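Everything below concerns the one structure shown next.
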Amino acid sequence: MTIPELTDVHAAWLPPEAFRAIGTRRTLVLGEGALAETVHAEVAAACARYGGTVRRTGDGPFDLVLALTTAGPLPPVAAAVMAEAGPIGEEGHVLARRDGVTVVLASAPAGLLYGLFHLVRLGEPAFEAARPAERHEPATRRRMLDHWDNIAVHPVMGQVERGYAGGSIFWRDGVLRDDLTRVRGYGRLLAACGINAIAINNVNVHATEARLLTDRLDEVAAIAAELRPYGIRVHLSVTFAAPIVLGGLPTADPLDEDVRRWWAATTARVYETIPDFGGYVVKADSEGQPGPFAYGRSHADGAGMLADALAPHGGVVHWRAFVYDHRQDWRDRSTDRARAAYDHFAPLDGRFGDNAILQVKYGPMDFQPREPVSPVIAAMPGTRLAVELQVTQEYTGQQKHVCYLAPMWREVLDFGPWGPEGATVADVATEFVAVSNVGDDLYWTGHPLAQANLYAFGRLAWDPRLDPAAILDEWIDLTFAPSPEPLRGTLHTMMDGSWRTYERYTAPLGVGFMVRPGHHYGPDVDGYEYTPWGTYHFADRDGVGVDRTRATGTGYTGQYPQPWSDVYESLEQCPDELLLFFHHVPYGHVLHSGSTVIQHIYDTHFAGAEEVADMRAHWDKLEGLVDPTLHARVKELLDEQLRCAEEWRDQVNAYFFRKSGVPDGRARRIP
């Protein structure tokens, strides 16, 4: 096992300096298996750089013990920690420091790997004061990224659909890359923040990508081999029509015996090639993708067929709940895209097998800067649910804008569908999935500061209780190690509130989708207003917002359990930040904040643009404290963010001024 050397790629949150604390110590590594070998290789590389030592056997003295509990006789200090800690889960680890020795124990190699990276995050404090045994275990079994990579460059969407960081790290010019060292380095970054699974191709499975399941399976195996040393299992997006497209069958009916046999045989061949293969991801009957509706079957029928094919091999199918009518008549106000996932899937609760996971977007629409939590999450207690987030910033600045998303995700995870005293989204979800934001860019994510979103997703998927502000500081300290003031404080100031800044200068009060159609970057208030996509704000001369109440609207509020069904129904109780998602109101409607809707629109859009200007000024002060190339990249992107924020401010404010005829109460210039 060798540590990938990436001299022409930014080190992200694993620069050599992050390993200094470990690399200067005397370390004992005990345990067998591929991931234990990875742990040893990581420690050996750090020691070679910083002068420490690492051994696999022998007595002390040691400063650090990294050991599997099954590794034979443990040093007395480790044995004492083991007795104190008790049983440890498969991916968990125990950290303690006593008698001048730091000890990490795990019952399985994956836990030892995560324990190593826990030490990397802690740095020197892991070797200072004594600490009792601390247990660290992930909240869910699977923490997964979905890549939307295409093998062939799509004529509209490019090589990575909704990707804002260059091309695929897996494929180039229609073939697998010759050098996959960067893929192994990517696996290393993911393991260091707790991610353990990825789907490597686009959920919109085109003709070339469909063949990964059969005659291009060797490419999937090659990628899996690079990720395996860091405990990352590979999954594959597949087309529901594969029996027709690849197998030559006349049908893809999930209840047809020939179709089921084809999937069973094909899946068996996948596992013969990749024994630790994770499973399938499916987007069906959505935005033109084929699915079971063509045969009069349900989504439970479709998912069940694939779950049955995967079950003998320990695999899972992730079945996306992103299903809606994208050919809606904009004149028809009774059809509501927000209702669609619940209407399709809630009646199917209890009909999905144990290895079928319904993958539900956190909100009912499509990754907007502000949405209510999807009611599907509360409606299916008999179904395994994965909550899907979007790390790639499709509607939150496309990795050209600083927009740290962890505070939004934490709000979603903390939301209690049955009220503040009940279970939260984090309690209900069996796993967390996010759309990846990585490409072949020098900085992985296009915008160097967008790395923080990928890191934060991994950390929150491991432990949804973590504080987003603390995760941000953790990322800063690792990525810019050492990170003295004013670097640390300035970056925190710039990034911690950046999601709310983005919300202020874009779509107000939860209305969403005021973006340019197609590429979704920049303002176009009416861009989707008269299209079939079902993403409307219904602004007119009298007011704005979508009536989703039971009394007079689409009835969407009725999809929520109490108390939220009544809270969202009530104009008086509905939270300000979601008002226009649930209600059509006059411009003079007074918010809980005391401002009118129209004045809120003006104020927030002016404030958001001013905050971006402040952000840019903060960054200018860091010149000389960070790498010059990185500084120049961020400066260029902040210039673009300010230009775009001012464009949002002017277009949105001008639109609503002309619609409402109400002037700004502060007499600021509106174009």
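Below is a table of values for the structure above.
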| read-out | value |
| --- | --- |
| Rounded accessible area of CYS403 (nearest 10 Å², 1.4 Å probe) | 10 |
| Percent of C-alpha pairs per 10 Å bin, the range 403-450, short to long | 22, 37, 24, 15, 2 |
| Spatially proximal aspartates and glutamates relative to LYS621 (Cα-Cα < 12 Å; intrachain offsets below 8 disregarded) | GLU485 |
| All-pairs alpha carbon distance profile, the range 334-383, 10 Å steps from 0, percent | 25, 52, 21, 2 |
| Hits among lysines - C-alpha to C-alpha of LYS659 under 26 Å, sequence gap 8 or more where chains match | none |
| Volume in Å³ per residue [convex hull over Cα atoms, computed for the range 64-168] | 133 |
| Share of carbon and sulfur in the accessible heavy-atom surface of the range 60-211 [1.4 Å probe, %] | 54 |
| Alpha-carbon centroids, the range 297-368 and the range 180-237: separation in whole Å | 24 |
| Alpha-carbon gyration tensor eigenvalues x 5, square-rooted, for the range 163-219, Å | 21, 14, 12 |
| 1.4 Å probe accessible area per residue over the chain, in Å² | 36 |
| Whole-percent pair-distance distribution, where bins are 10 Å wide, for the alpha carbons of the range 1-59 | 23, 50, 24, 3, 0 |
| Carbon/sulfur fraction of accessible area - the range 436-549, other protein chains in place, 1.4 Å, % | 52 |
| Positive-pole candidate from TYR164, GLY185, LEU246, dipole of the chain, charges at beta carbon | GLY185 |
| C-alpha long axis of helix 257-273 to longest principal axis of the chain, angle in ° | 40 |
| Accessible surface ranking that places the most exposed of TYR528, TYR164 first, with a 1.4 angstrom probe | TYR164, TYR528 |
| Cβ-Cβ FRET estimate between ALA613 and THR208, R0 fixed at 35 Å, reported to 0.05 | 0.20 |
| Helix 181-193 axis, angle to the chain major axis (alpha carbon atoms, nearest 10°) | 80 |
| Cα principal axis extents for the range 295-384, largest first, Å | 48, 31, 19 |
| Percent of Cα-Cα distances greater than 19 Å, calculated over the range 182-253 | 41 |
| For the range 44-95, projected area of the alpha-carbon convex hull averaged over all directions, nm² | 4.4 |
| Over the chain: helical MRE at 222 nm, DSSP H runs n ≥ 4 each giving -39500 (n - 2.57), nearest 500 | -10500 deg cm²/dmol |
| Dimensionless Rg/Rh of the range 580-667 - Kirkwood Rh, Rg from C-alpha atoms | 1.14 |
| Semi-axis lengths, Å, the range 311-449, gyration tensor of Cα atoms, sqrt of 5 times eigenvalues | 26, 20, 17 |
| Values of log10 I(q)/I(0), in the order q = 0.18, 0.21, 0.28, 0.30 Å⁻¹, for the range 279-340 under a Debye, Cα-only, solvent-free model | -0.70, -0.86, -1.18, -1.25 |
| Along each principal axis, Cα extent of the range 442-562, largest first, Å | 57, 36, 24 |
| When the range 505-602 is reduced to its Cα atoms, the Kirkwood hydrodynamic radius in Å | 14.0 |
| Nearest-ten-degree value, helix 299-310 long axis tilted from longest Cα axis of the chain | 10 |
| Sequence-distant residues sharing a close amide H with VAL281 (under 5 Å, placed H) | LEU236, SER237, VAL238, HIS318 |
| Candidate lysines - alpha carbon under 19 Å from LYS400, same-chain residues fewer than 8 apart omitted | LYS635 |
| Nitroxide proxy distance, nm - points 7 Å out along Cα→Cβ at ARG131 and THR53 | 2.6 |
| Taking N as its residue count, the alpha carbon Rg of the chain over 2.2 N^0.38 Å | 0.98 |
| DSSP bridge pairs, the chain: antiparallel proportion in percent, nearest 5 | 30 |
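The values are calculated or read from the model by the stated rules, or taken from the named source; none is laboratory data. Quick caveat: nothing in here was measured; it's all calculated off a predicted structure. FYI the Cβ positions are ideal-geometry reconstructions off the backbone, even for glycines, and counts take in every protein chain you see. Quick note on the areas: whole protein, heavy atoms, side chains included, nothing else; ligands and nucleic acids left out. Shrake-Rupley method; radii C 1.70, N 1.55, O 1.52, S 1.80 Å.
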